[in-house]
Amino acid sequence: MAKQAPQSDPAQDAPKVGAPQRAAAGLTAVRQSLKLAHEQMGPARTLATLAKVNQQGGFDCPGCAWPEPDKPHTAEFCENGAKAVAEEATERRITRAFFAEHSVAELAGRSGYWLGQQGRLTEPMLLAEDATHYAPIGWDEAFAIIAEELEALATPDGAAFYTSGRTSNEAAFSYQLFARKLGTNNLPDCSNMCHESSGSALVETLGVGKGSVSLKDLYQADLIIVAGQNPGTNHPRMLSALERAKRAGATIVSVNPLPEAGLERFKNPQHARGLVGGGTKLTDLFLQIRLGGDLALFRALNQLILAADGGVDRDFVAEHCHGFDEFAAEATSTDRQQVLAATGLPWEQIEQLAELVLKSKKVIVCWAMGLTQHRHSVPTIREVVNFLLLRGNVGRPGAGVCPVRGHSNVQGDRTMGIFERPAAAFLDALEREFGFEPPREHGFDAVESIRAMRDGRVKVFFAMGGNFVAATPDTEVTEAAMRQCRLTVQVSTKLNRSHLVTGRRALILPTLGRTDRDHTEAGGQFVTVEDSMGMVHSSQGRLRPPAPGILSEVAIVCRLARAVLGPADPTPWEEFATSYDTVRDRIARVVPGFADFNTRVRAPGGFALPHGPRDSRTFPTATGKANFTVNTMTAPEVPAGRLLLQTLRSHDQYNTTIYGLDDRYRGITGGRRVVLVNPLDAAELGLTEGGYVDLVSEWRDGVARRAPHFKVVHYPVARGGAAAYYPETNVLIPLDSTAEISNTPTSKAVVIRFQPDSGV
Ligand code: SF4
């Protein structure tokens, strides 16, 4: 029998600090996975459910977007995958009695961890105007309220339709179609907060905003550079791929302000050496770079490659690239002192890496938020592309770009049209297929949506999954903006803070999760997702839904669309909701690469989407070639007596979902309000180990944003930087502090000062 939801909330966040670990996974990960799964699901359901994760005919892990190998292992999941599945497949239920007992105000005082532990939502709930408690409501009444509020808007752009990366392809395609039929491109999504910078840089330089490598490429690489990423916690099965590459002779270099256990050593629990032995050493060279120093590092590498005999693949550059001369002139004149200041690295280490590069034929660069959430992230990723183009490391087996996506279908949602700046060709195809004129004016991304809510330009906020107020920056501003709305709607599986920060009226619409069976009059339905490497595959839940009457994401969108657009709208929403094959038939005609979708996705493992740069070294860019770019070398400036904060996840967390209060690999247990500071910086700033402080961020608007009561932890972070968990520190990130071009919040570069503890 599963363990009851915790009643008491850990009022006092009391983190204990021990030594950081030097290896990831191992027997402890197996124990922890089974323990948390058992607490949520009980023994029988645990075995039945985990056996179906990432398996053919099973369901896709609702965690990250790491791909499945051709032949999945019996236990093809990691510790954090098991946690994600257990949290969704939990036997705990939230009923109307729960909402009758707990007012919104009381729930708003609860931690995100406690809210998430209460279980699955079971019926639609309404928070009426001036009400203190949510109360049950019927689906049709709920859709009628949404239709009424949308009808009352002066313009369709008075609404914003947010998407979290867990949304399936079929739901995402139907959702964007509905929003565009309504007349708006206000389709912000979680990509706006994470890999938007990657998309912007890759579309400009290679013509495709996605990674160009497959799992097979990783296994064949000579050199893998992992920059600004912590796979041990955020993409744990990547460690299996790195281990396999390493055993095939690859060299692995990690570039990170923090030493991460998962990049140092991997104890693969699928092998004896990982369970009882010392596991596999992964990183051969660790560059402990200063926060935001990656542009300077790749610029310096490019300078060294240009200077080396035979360093440049001249044939590739001549045949496939544009803009080499301008780039080379800029790179050659790079100032070494500027590089050293920006990276904080000894020049010898940079030379060492350059030698490894010059010895390697097949190089892959993997990255995540450490590169994408800075003011200069787009130029940084463009410089990474320069680095790979110089030696022809695009469109060659074992080589390429590998932005590792966060949410399990975040890439798929974008492919399905969830984008506030859609391509004209996509809108043309939509118009041809559905016979209507889609809006052409660009819509609001996540940050712009918050500004629009704050300024009263958006009055209806609809979220397909996610936890918007916790995932976004400038928490106090965002929450105040949300409260300006007339109506906020959350399509969710579990309770979170975004249900408690509401418009004048609010709706919670419970939906099926990945693990849940989805039966319609047409029989069992499956959905599809696209992983970080462009593989599209099916996912079919097997568990009885948490309660009768819970609708799938597709059904919610289709019933809403009919309620809002009316009986005259020719789109066959009812057909879509009954048979997802009919949605896929439309996707096949609108989205490039999905021809014959229904047949191909039924093949074991699904299919790979085309990728011109990878498949044929064709680059659908403005020049028709791969573009070298000239990027102004820059790095964050930190005033004296301040540090640069990066927000990050603990090991017991997935995005804003908190599975537990430990961060095992970093030696932290029982609490989350900690700030990691280099001992030398701490000494200079008078920060005593174990003492408590307030963190206050500084920004050109002069507002002192405060995050109170953080325990100081002396930790081997790169000098000048500090680290703390989000969402607790999102309050420190100014709304207007965003990356150039991509408008992604600069969650990895917040200037902070420390003030005496004001208590929680
Ligand atoms: S690596 Fe990601 S997708 Fe795979 S099991 Fe773990 S969390 Fe899930």
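The values are calculated or read from the model by the stated rules, or taken from the named source; none is laboratory data. As the structure is a prediction and not an experimental result, all values here were calculated from the model. Ideal geometry is used to build each Cβ from the backbone, glycine not excepted, and the neighbour counts take in all protein chains shown. Only protein heavy atoms, including side chains, enter the accessible area calculation; ligands, DNA and RNA are left aside. Shrake-Rupley method; radii C 1.70, N 1.55, O 1.52, S 1.80 Å.
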Inset, instruction - Considering every residue within the range 82-90, establish whether at least one is surrounded by fewer than 18 Cβ atoms within 10 Å (Cβ to Cβ), among the β-branched types (Val, Ile, Thr) and modelled with pLDDT of 95 or more. - result: no
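Can you confirm whether PRO610 is surrounded by fewer than 23 Cβ atoms within 10 Å (Cβ to Cβ) and touching a residue at least 24 places away in the same chain (Cβ under 8 Å)? Outline the logic, then answer.
Working: surrounded by fewer than 23 Cβ atoms within 10 Å (Cβ to Cβ): yes; touching a residue at least 24 places away in the same chain (Cβ under 8 Å): no.
Here the answer is no, as PRO610 does not meet what is asked.
Does ALA24 qualify as being closer than 30 Å to THR283 by Cα, within 16 Å of the ligand (Cβ to nearest atom), touching a Gly at 6+ places or on another chain (Cβ under 6 Å) and outside the structural domain of HIS235 (by TED's automatic domain parsing)?
Details: closer than 30 Å to THR283 by Cα: yes; within 16 Å of the ligand (Cβ to nearest atom): yes; touching a Gly at 6+ places or on another chain (Cβ under 6 Å): yes; outside the structural domain of HIS235 (by TED's automatic domain parsing): yes.
Against the criterion (closer than 30 Å to THR283 by Cα, within 16 Å of the ligand (Cβ to nearest atom), touching a Gly at 6+ places or on another chain (Cβ under 6 Å) and outside the structural domain of HIS235 (by TED's automatic domain parsing)), ALA24 qualifies.
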Inset, instruction - Could you figure out which of (1) in a loop (DSSP other than H, G, I, E, B); (2) under 28 Å from ARG265 (Cβ atoms); (3) more than 16 Å from the ligand (Cβ to nearest atom) isn't true of GLU68? - result: (3)
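Looking at SER198, SER191, which is the one that is in contact with a strand residue (DSSP E or B) (Cβ under 6 Å, 6 or more places away or on another chain), closer than 29 Å to PRO613 by Cα and open to solvent by less than 30 Å² (accessible area, probe 1.4 Å)?
Working: SER191 fails: in contact with a strand residue (DSSP E or B) (Cβ under 6 Å, 6 or more places away or on another chain).
The unique qualifying residue is SER198.
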Legend entry - Filtered residue count, the range 629-653, keeping only those that are in contact with a Lys or Arg (Cβ under 7 Å, 6 or more places away or on another chain) and closer than 20 Å to GLU87 by Cα: 2
Inset, instruction - Could you please give the count of residues in the range 698-728 that are aromatic (Phe, Trp, Tyr), assigned to a strand (DSSP E or B) and more than 24 Å from the chain's Cα centre (by Cα)? - result: 1
Inset, instruction - Any chance you could count how many residues in the range 404-422 are open to solvent by less than 10 Å² (accessible area, probe 1.4 Å), of a type in the set (A, V, I, L, M, F, W, C) and either out of contact with any strand residue (DSSP E or B) (no Cβ under 7 Å at 6 or more places or on another chain) or within 15 Å of LEU177 (Cβ to Cβ) (or both)? - result: 3
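Of all residues being among the small types (Gly, Ala, Ser) and open to solvent by 10 Å² or more (accessible area, probe 1.4 Å) in the range 361-403, which is farthest from the ligand (Cβ to nearest atom)? Just the residue, please.
Let us first name the residues in the range 361-403 that are among the small types (Gly, Ala, Ser), namely 368, 370, 377, 392, 395, 398-400.
Cutting the leftovers down to open to solvent by 10 Å² or more (accessible area, probe 1.4 Å) gives us 370, 395.
Values: GLY370: 18, GLY395: 27 Å.
Here the answer is GLY395.
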Legend entry - Considering residues of the range 81-95 that are under 12 Å from ARG45 (Cβ atoms) and of a type in the set (Val, Ile, Thr) only, the residue nearest to the ligand (Cβ to nearest atom): VAL85
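Scan the range 31-45 residue by residue and report those that are open to solvent by less than 20 Å² (accessible area, probe 1.4 Å), away from the ligand (no atom under 13 Å from the Cβ) and either among the aliphatic types (A, V, I, L, M) or over 21 Å from GLN118 (Cβ atoms) (or both). Outline the logic, then answer.
Within the range 31-45, the subset open to solvent by less than 20 Å² (accessible area, probe 1.4 Å) is 33, 37, 40-42.
The next check asks that each one be away from the ligand (no atom under 13 Å from the Cβ); those that pass are 40-42.
Listed by number, the list holds a single entry, MET41.
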Legend entry - The lone exception for ASP309 - which of (1) part of a helix (DSSP H, G or I); (2) without any contact (Cβ under 8 Å) to a residue 24 or more places away in the chain it fails: (1)
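Every residue, every condition in (1) more than 16 Å from the ligand (Cβ to nearest atom); (2) open to solvent by 20 Å² or more (accessible area, probe 1.4 Å); (3) in contact with a Pro (Cβ under 7 Å, 6 or more places away or on another chain); (4) modelled with pLDDT of 95 or more, yes or no:
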{"site": "THR657", "(1), (2), (3), (4)": "no, yes, no, yes"}
{"site": "LEU687", "(1), (2), (3), (4)": "yes, no, no, yes"}
{"site": "ARG719", "(1), (2), (3), (4)": "yes, yes, no, yes"}
{"site": "THR744", "(1), (2), (3), (4)": "yes, no, no, yes"}
{"site": "PHE754", "(1), (2), (3), (4)": "yes, yes, no, yes"}
Legend entry - When residues of the range 505-526 are limited to those that are within 26 Å of CYS64 (Cβ to Cβ), among the hydrophobic types (A, V, I, L, M, F, W, C) and open to solvent by 10 Å² or more (accessible area, probe 1.4 Å), the one farthest from the chain's Cα centre (by Cα): PHE526
Inset, instruction - Working only within the range 639-655, note down all residues that are within 16 Å of the ligand (Cβ to nearest atom), open to solvent by 10 Å² or more (accessible area, probe 1.4 Å) and not in a loop (DSSP other than H, G, I, E, B). - result: TYR654
Inset, instruction - Collect the residues in the range 381-411 that are under 21 Å from GLY612 (Cβ atoms) and in a helix (DSSP H, G or I), keeping them in residue-number order. - result: ILE381, ARG382, VAL384, VAL385, ASN386, PHE387, LEU388, LEU389, LEU390, GLN411
Inset, instruction - Considering only the range 89-191, give the helices (runs of 4 or more DSSP H) lying wholly within it that have at least 1 residues that are among the basic types (Lys, Arg). - result: 96-101, 169-182
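Given the condition aliphatic (A, V, I, L, M), touching a Phe, Trp or Tyr at 6+ places or on another chain (Cβ under 8 Å), in contact (Cβ under 8 Å) with a residue 12 or more places away in the chain and crowded, with 24+ Cβ neighbours inside 10 Å, answer yes or no: does some residue in the range 262-269 qualify? So that I can check it myself, show each step before the final result.
So the first thing to find is which residues in the range 262-269 are aliphatic (A, V, I, L, M), and the list is 263.
From what's left, touching a Phe, Trp or Tyr at 6+ places or on another chain (Cβ under 8 Å): 263.
Now restrict to residues that are in contact (Cβ under 8 Å) with a residue 12 or more places away in the chain: 263.
Restricting the remaining residues to those that are crowded, with 24+ Cβ neighbours inside 10 Å gives 263.
Yes, that holds for at least one residue.
Within the range 73-80, does at least one residue satisfy the condition of being more than 12 Å from the ligand (Cβ to nearest atom), of a type outside the set (Gly, Ala, Ser), assigned to a helix (DSSP H, G or I) and crowded, with 18+ Cβ neighbours inside 10 Å? Break it down stepwise before answering.
To start, the set of residues in the range 73-80 that are more than 12 Å from the ligand (Cβ to nearest atom) comprises 74.
Pick out the ones that are also of a type outside the set (Gly, Ala, Ser) and you get 74.
Restricting the remaining residues to those that are assigned to a helix (DSSP H, G or I) gives none.
No, the range 73-80 contains no residue that is more than 12 Å from the ligand (Cβ to nearest atom), of a type outside the set (Gly, Ala, Ser), assigned to a helix (DSSP H, G or I) and crowded, with 18+ Cβ neighbours inside 10 Å.
Of all residues in the range 517-550, which are at negative phi and without any contact (Cβ under 8 Å) to a residue 60 or more places away in the chain? I'd like the intermediate steps shown before the answer.
Step one: list which residues in the range 517-550 are at negative phi, which gives 517-522, 524-533, 535-548, 550.
Within the range 517-550, ARG517, ASP518, HIS519, THR520, GLU521, ALA522, GLY524, GLN525, PHE526, ARG544, PRO545, PRO548 meet the criteria.
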Inset, instruction - Output the number of residues of the range 667-676 satisfying the condition of being closer than 23 Å to MET193 by Cβ and either open to solvent by 10 Å² or more (accessible area, probe 1.4 Å) or not in a strand (DSSP E or B) (or both). - result: 2
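Could you identify the single residue in PRO636, PRO679 that is open to solvent by 10 Å² or more (accessible area, probe 1.4 Å), under 21 Å from ARG22 (Cα atoms) and either of a type in the set (Lys, Arg) or out of contact with any helix residue (DSSP H, G or I) (no Cβ under 7 Å at 6 or more places or on another chain) (or both)? Before the answer, list the steps.
Values: PRO636 fails: under 21 Å from ARG22 (Cα atoms).
Answer to the selection: PRO679.
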Legend entry - Positions within the range 91-129 being closer than 22 Å to ARG673 by Cβ, open to solvent by 20 Å² or more (accessible area, probe 1.4 Å) and of a type outside the set (S, T, N, Q), in sequence order: GLU106, ALA108, GLY109, ARG110, GLY112, TYR113
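Before we move on, is ALA354 of a type in the set (A, V, I, L, M) and farther than 30 Å from GLY624 by Cβ?
Values: of a type in the set (A, V, I, L, M): yes; farther than 30 Å from GLY624 by Cβ: yes.
Yes; evaluated as a whole, the condition is true for this residue.
Looking at the range 46-65, which of the residues that are of a type in the set (S, T, N, Q) and without any contact (Cβ under 8 Å) to a residue 40 or more places away in the chain is nearest to the ligand (Cβ to nearest atom)?
Keep residues of the range 46-65 that are of a type in the set (S, T, N, Q), which gives 46, 49, 54-56.
Filter again for without any contact (Cβ under 8 Å) to a residue 40 or more places away in the chain, leaving 54-55.
Values: ASN54: 6, GLN55: 11 Å.
Per the stated criteria, the residue is ASN54.
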Inset, instruction - Please work out which one of (1) open to solvent by 20 Å² or more (accessible area, probe 1.4 Å); (2) farther than 25 Å from GLU479 by Cβ; (3) among the β-branched types (Val, Ile, Thr) is the condition VAL703 fails and give its number. - result: (2)
